[in-house]
Amino acid sequence: MNDPRHYFVTDTLRNGTTVTIRAIRPEDKPKLVSAFRNLERETVYTRFFQYVKELTDQDLKRATEIDFDREVALVVTANLEDEETIIGTGRYVVFEETDVGRNAEVAFIVEEDYQGLGIASRLFRHLVQIGRQNNVSRFKADVLSGNQAMLRVFAGSGLPMKQQRDGGVVQVTLSLDETGS
């Protein structure tokens, strides 16, 4: 199995932009702060279900200093003005171990100028691949019912999916089992 801490691929977005999808690193803290500051309030709300003004030192530590076993985080970067810039992140966190595998919560956030270019779908595919290598059998996500783009990413993944509405939140469960069970 490949070590997800060294995960690194390049890809081309629908608009022709070349991006890197790689494992997050502790030294990404300043880039993560910049990326967060570039997000619109509504984008932050759809990810965190609340308005968050800034990331605390504790948030940054938790986001970038991870074990790549129970938690995996990837960033999508583009070279903007000769500087590597984070334009999206995706992660999963294992919350339960079962006899048939691990269950993990999955989440994404993509900078507005790059939404609709397939970044979340790409991140999701990479996280599925890594999750399967790490014995994750199921991803779960809470998605605001108005976040149709994220629901389309999950529905378009080809994975068996269950949805349950609870007020304004859709609880999505996706099976990573390659047999489809």
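At least 2 residues being more than 29 Å from residue 169 (Cβ to Cβ) and either of a type in the set (Phe, Trp, Tyr) or at pLDDT below 90 (or both) is the threshold, and among the helices (runs of 4 or more DSSP H) wholly inside segment 1-87 those reaching it are 29-37.
Among residues of segment 155-179 that are at positive phi, those with a Cβ under 9 angstrom from a residue that is exposed (fewer than 15 other Cβ atoms within 10 Å of the Cβ) and assigned to a loop (DSSP other than H, G, I, E, B), sequence gap 6+ or separate chain, pair up as 167/145.
Restricting attention to segment 161-178, the residues that are under 20 Å from residue 94 (Cα atoms) and touching an Asp or Glu at 6+ places or on another chain (Cβ under 8 Å) total 3.
Just name the residue that is surrounded by the most Cβ atoms within 10 Å (Cβ to Cβ) out of those in segment 13-33 that are among the β-branched types (Val, Ile, Thr) and under 18 Å from the mean Cα position of the chain (by Cα).
Checked segment 13-33; the qualifying residue surrounded by the most Cβ atoms within 10 Å (Cβ to Cβ) is 24.
Restricting to segment 143-181, and then to whatever is in contact with a Gly (Cβ under 8 Å, 6 or more places away or on another chain) and not polar (S, T, N, Q), can you tell me which residue is surrounded by the fewest Cβ atoms within 10 Å (Cβ to Cβ)? Among those residues, the one meeting the criterion is 168.
Going through 120, 141 one at a time, which residue ends up being modelled with pLDDT of 85 or more and in contact with a Ser or Thr (Cβ under 9 Å, 6 or more places away or on another chain)?
141
Run residue 119 past the list (1) crowded, with 21+ Cβ neighbours inside 10 Å; (2) within 21 Å of residue 5 (Cβ to Cβ); (3) of a type in the set (A, V, I, L, M, F, W, C) and report the number of the one that doesn't hold. Here residue 119 meets the rest and fails (2). Filtering segment 110-139 to residues that are basic (Lys, Arg) and under 12 Å from the mean Cα position of the chain (by Cα) leaves 122, 125.
Checked against (1) part of a strand (DSSP E or B); (2) free of Cβ contacts under 8 Å to residues at least 24 places away in the same chain; (3) crowded, with 16+ Cβ neighbours inside 10 Å, residue 140 meets all criteria but (2).
The values are calculated or read from the model by the stated rules, or taken from the named source; none is laboratory data. In this text, all values refer to a predicted model and were calculated from it rather than measured experimentally. Cβ atoms come from the backbone with ideal geometry, glycine included; neighbour counts cover every protein chain shown.
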